[in-house]
Every structure is written in C-alpha cells, then in structure tokens.
Amino acid sequence: MTLLRNFATVGGATMTSRVLGFVRDVMIAAFVGAGPVADAFFVAFRLPNLFRRLFAEGAFNSAFVPLFARSVEEGGDEGARRFAGEILAALLWTLVTITLLAQVFMPALVYVLAPGFTAEAEKFDLAVLLSRITFPYLLCMSLVAFLSGILNTYQRFAAAALAPVVLNIVMISVLSGIWYFDLQPGVRLGVVLACGVTVAGLAQLALLFVAVRHMGFSIPWRRPRLTASVKRLWRLGVPGIAAGGITQINIAVGTIIASGQAGAVSYLYYADRIYQLPLGVVGIAIGVVLLPDLSRSLRSGADASANHTLNRAMEFALALTLPATVALIVVPDAIVSVLYQRGAFGAQAASATTAALIAFAAGLPAFVLNKVFSPGFFAREDTVTPMWFAGIGMVVNVAGALALAPILDHVGIALATTLAGWVNSGLLAVTLWRRGHFRLDAGSLKRLPLLALASVLMGGGIYAGAQLLAPLLGGASVLGRFGALALLVLAGLVLFAAFVHLTGAVDLKAALRGLRSRRVS
C-alpha cells in the first residue's frame, strides 16, 4: 500500500496543479488577451520551459536518481551527501554559465523560437526583454529537479509534488494584482508577468530547500570538478536529452504536417489538451514514484521486489487509464461539445476535434505504459535503450503521419502518434522481458483482464447515461451543460468502482484503508 499512497500523493498534487494551471490560463486570457503582449509573454515562458523539458526533468532525473540511490546504498547518508555536493557544484556552474550566455544571445534564441516576430520590431524586442527576465526560471527549476530527486529517493514525495502548485499560486496572485491595479496590456504588464515567473521559480526552490533541510540532509558546498560521479551522470544524461529532443521533434513534425490543413493544428491541440489530463496526472505520478523505488530495490539486490513493484505500478496505471480511455472513446462528443463548443468554436470544429480525441485516446494506455516501463531501464542505469526506442517511435510517427494524413486528414496524424506510442511501449516491455527484468505475476494476470472488463461495463453505463442527458449536454445553458458532464463523470466513477469491486479486480476496502493510513512524507 506504500506504493499506492505515494502514487495518490503525487497524483493528487498533480491534479491540483492542473486545475490551478487552467485557472491561471483563463485569467491570462481575460487580462492579457491574445495580442502582441500575450504572444511575447508566451514565448518568454516557453523558452526556459523548453530547456527544462530537455535537461532538467526527464534527462536529469533518469540519470541522477539511480546514481543517488546507489550512493545511499553503498555509502550511507555521508556518501549520499558527498555525491550530492559534487553534482550540485557541477550543476550550478553549468546553469549559471547557460543563463549568462542566454542573456547575451537572447535575440538569437527568440528568433529561433519565434521567427515570425521579426516582422514586428516592438513585439520581437518585448519578447527578448521578457525572455531575459524569465530565463533564470530554468536555473531554479533545474535545482528543484535536483532537490526533488533527493527527496524522492528518501520517499519524501509531498514537497516535490507540490512545487508546480506553488508556480500556479504565485502566477494567480500576480494576475490578481494585475486585475486589482487595472493594468492594461502593454510592456509594463508583460514585465510584471515575466517577473512573476521568476519569483515563482524562486518560491518553488525555497520550498524544496526547506524540505531537504527539514529532512536533515545537508549538502556540502564544493568547487566544481569533473569527478567520476559527474562524468557518469553526464554519460547517463545525454541519451535522456536526446530522447527529450526526439519528443520535441515529434511535436514539431506533427505541427508542420497539420499546418497544411485548415484548422488541423487547432483540432489536434484541443484534443491533446483533453487526453493529456489523465496522461499527465497518472504519468507524472508513476514516473516520480516508481524510479526511486525500483532503484532502491535493485541496489539492495531485491530483484523479486522490483518485479513486484513494476507489476503493481502497471496495475495502478491501467486501473486509472483504461476507464479514462473507454470514456474518451465512448462519449468524446459530449466532452468536446461541453468544454469547447461555443462562440467561434462551432459544431464542425467540435466534430473534427472529437475524431482526433478518439484517435489519441486509443493510445492513452500505451503512453502511460511507457512511463511504467522506462524506469525499469533507468533504474539499471540504462538510458541508451529507451533513447533508441524513442527514435524508432519517431520514425513510426513521422512515416505514419505522412502516410495517413492525406487519407484521414488531421485524424491520421493523431493515429500515427498512437501507433508510435504502442510500438514504443511494446519494445520497452518485450526488451525488459527478454532480459529477465520483468514478468507478469499472478496478481497482474488475474487483475488486468478484470480491470478491462470493468472499464467496458462502465463504458456501456456512461454511454446510456449520455443518451439520457443529451438534452442537457446539448442545451443552451452553460451551467446546465457542465453540470450534466460532471454528473456523467461522477456516474462513471461510481460505476467503475462498483464493477471493479464486483469482479474482484480491486479490493476497495483494502485500498481505502491504505489511503487513509497515508503518512505525510
């Protein structure tokens, strides 16, 4: 139940962050609009986040956590402090250098990210100014990733999981100040927002620093040196950076192909925002909790325990993902129409987005399984194999999009993404199995088919419910439509809980006892 409690901690914090992020975006849309200031701010916000996705999150964590877990296992707390000090010194020196270079070459970076801005000198200059203000956010978030890795290895997940919540709370506070002082869209408003991003990064860093100190873990200050530990981290991190780059290429290729079709980029974006909610919540929880748990088991020689952990993580992931997948396939029109269909977003756009959502939803289990199986390699300090499989997935995605888009329009691009996801997860699973690192145990063999059955039965129930609620779901009242959708979601949750209990897929009483006994970590 410890694994379940940790998943619930991270998943709950991630869901809170996503909801607050939606509130933040709504406020930005209301107070800033979609003019040149908004364009400049979004580029300035995207720039450090692009580097963060490439370096600070997946690449760094996949390399750092297994090595840090090894230092804890072999050298105890003293060895862990020594290792952390060496990495911090090298990381801080690298980050400061990158940040200073970025300040100098910011016009070139903005040009690469937003070449269209050069046609409007004022917008380009504003984007450069705001990007210089927001770029230190990369330094803060890289250090947050470092401290999160330490906390997660020691099974302290709450503070790291709450860090994104802090970002949104700070930004909502800044936006509330903009509303209170009635700042109008202009350079001053953009600067205030950009400063808010950097302040949010500092607040997140402060939260993690306090959490690490509260745990009693002190990191010694050292001069940056290219030690064996730093070299090892670099060797493991480079494939992760490459894999992150492949992901960004996939996104760019899909956008390029879709840009040739009127409205296709928007349809794919809106569908992506919906299916990313369950993927983000479940995927982040799995990735954060599973890697340190597996690393610790493998370092202590408990291979059977590692296999048990991988099986339970897969069950947890699919218990949340399968019903979400069925719901997105069975009632996508209700979801899309309620969330988006109003104003300039008409019935035709809703229909096109619905088709893309069905295609994306078919790949949702695969995308989550990638998050389950990848730590099986990272925990063994193998970041190269997942990189190669990500490359194969990219080839499948590009080839599939090029082949299917002329036939199925934007839906073909979504289907290619889904196909690539299944190829990637299949390669990861089969390779772990062939190496003897993963076996389906009796519990998974029993529960997975029952989870699938419960999801299908739930799908039938919510389909019938959608027919009954159709007048409300398609009504003129916005409140009535959202209320009907909320009722449909609630019915789905109740039905799925009932069916997993009746089929014996999950012992709900034991699961609830485990969650109630959760300790604050």
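The values are calculated or read from the model by the stated rules, or taken from the named source; none is laboratory data. Please read all numbers here as calculations on a predicted model, not as lab measurements. Methodologically, a virtual Cβ is constructed for each residue, glycine included, from the backbone with ideal geometry; neighbour enumeration extends over all protein chains shown.
The table that follows gives values for the structure above.
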{"read-out": "Selection within segment 208-240 - surrounded by 18 or more Cβ atoms within 10 Å (Cβ to Cβ) and among the aliphatic types (A, V, I, L, M)", "value": "Leu208, Ala211, Val212, Ile219, Val230, Leu233, Leu236"}
{"read-out": "Residue count for segment 9-37, restricted to those that are charged (D, E, K, R) and more than 30 Å from Ala121 (Cα to Cα)", "value": "1"}
{"read-out": "Answer from Ala264, Ala200, Ala228 - the residue that is among the small types (Gly, Ala, Ser), at pLDDT 75 or above and under 25 Å from Ile329 (Cα atoms)", "value": "Ala264"}
{"read-out": "Top-ranked residue of segment 304-348 - restricted to ones that are charged (D, E, K, R) and in contact (Cβ under 8 Å) with a residue 40 or more places away in the chain, ranked as farthest from Leu67 (Cα to Cα)", "value": "Arg342"}
{"read-out": "Selection from segment 105-127 of residues that are of a type in the set (Gly, Ala, Ser) and assigned to a helix (DSSP H, G or I)", "value": "Ala108, Gly116, Ala119, Ala121, Ala127"}
{"read-out": "Residue within segment 392-402 that is under 23 Å from Ala313 (Cβ atoms) and assigned to a helix (DSSP H, G or I) present", "value": "yes"}
{"read-out": "Set Val478, Val500, Val456: member being in contact with a Lys or Arg (Cβ under 8 Å, 6 or more places away or on another chain) and either surrounded by fewer than 16 Cβ atoms within 10 Å (Cβ to Cβ) or touching a residue at least 12 places away in the same chain (Cβ under 8 Å) (or both)", "value": "Val478"}
{"read-out": "Only listed residue being at pLDDT below 80 and either closer than 25 Å to Val174 by Cα or crowded, with 23+ Cβ neighbours inside 10 Å (or both), chosen from Ala44, Ala59", "value": "Ala59"}
{"read-out": "Of all residues making up segment 110-126, the number that are more than 18 Å from Pro48 (Cα to Cα) and loosely packed, with under 15 Cβ neighbours inside 10 Å", "value": "6"}
{"read-out": "So Gly465, is it touching a helix residue (DSSP H, G or I) at 6+ places or on another chain (Cβ under 8 Å) and more than 24 Å from Asp272 (Cβ to Cβ)", "value": "yes"}
{"read-out": "One residue from Gly79, Gly116 being modelled with pLDDT under 90 and more than 25 Å from the chain's Cα centre (by Cα)", "value": "Gly116"}
{"read-out": "Matching entry among Thr353, Thr383 (being crowded, with 23+ Cβ neighbours inside 10 Å and either in contact with a Pro (Cβ under 8 Å, 6 or more places away or on another chain) or farther than 25 Å from Ile284 by Cβ (or both))", "value": "Thr383"}
{"read-out": "Test: residue in segment 392-401 that is free of Cβ contacts under 8 Å to residues at least 12 places away in the same chain, surrounded by fewer than 18 Cβ atoms within 10 Å (Cβ to Cβ), farther than 12 Å from Val253 by Cα and not aromatic (Phe, Trp, Tyr)", "value": "no"}
{"read-out": "Qualifying residue in segment 431-450 (condition: assigned to a helix (DSSP H, G or I), in contact with a Pro (Cβ under 9 Å, 6 or more places away or on another chain) and not aromatic (Phe, Trp, Tyr))", "value": "no"}
{"read-out": "Looking only at segment 143-172, and only at residues there that are of a type in the set (Ser, Thr, Tyr) and farther than 12 Å from Leu207 by Cβ, the one that is surrounded by the fewest Cβ atoms within 10 Å (Cβ to Cβ)", "value": "Tyr154"}
{"read-out": "Residues within segment 178-192 that are modelled with pLDDT of 95 or more and under 11 Å from Met27 (Cβ atoms), tallied", "value": "0"}
{"read-out": "Any hit, segment 128-142, residues being assigned to a helix (DSSP H, G or I), of a type outside the set (Ser, Thr, Tyr) and surrounded by fewer than 16 Cβ atoms within 10 Å (Cβ to Cβ)", "value": "no"}
{"read-out": "Set Leu415, Leu404, Leu469, Leu445: member being more than 29 Å from Ala347 (Cβ to Cβ) and at pLDDT 90 or above", "value": "Leu445"}
{"read-out": "Test result for Ala102, surrounded by 19 or more Cβ atoms within 10 Å (Cβ to Cβ) and in a helix (DSSP H, G or I)", "value": "yes"}
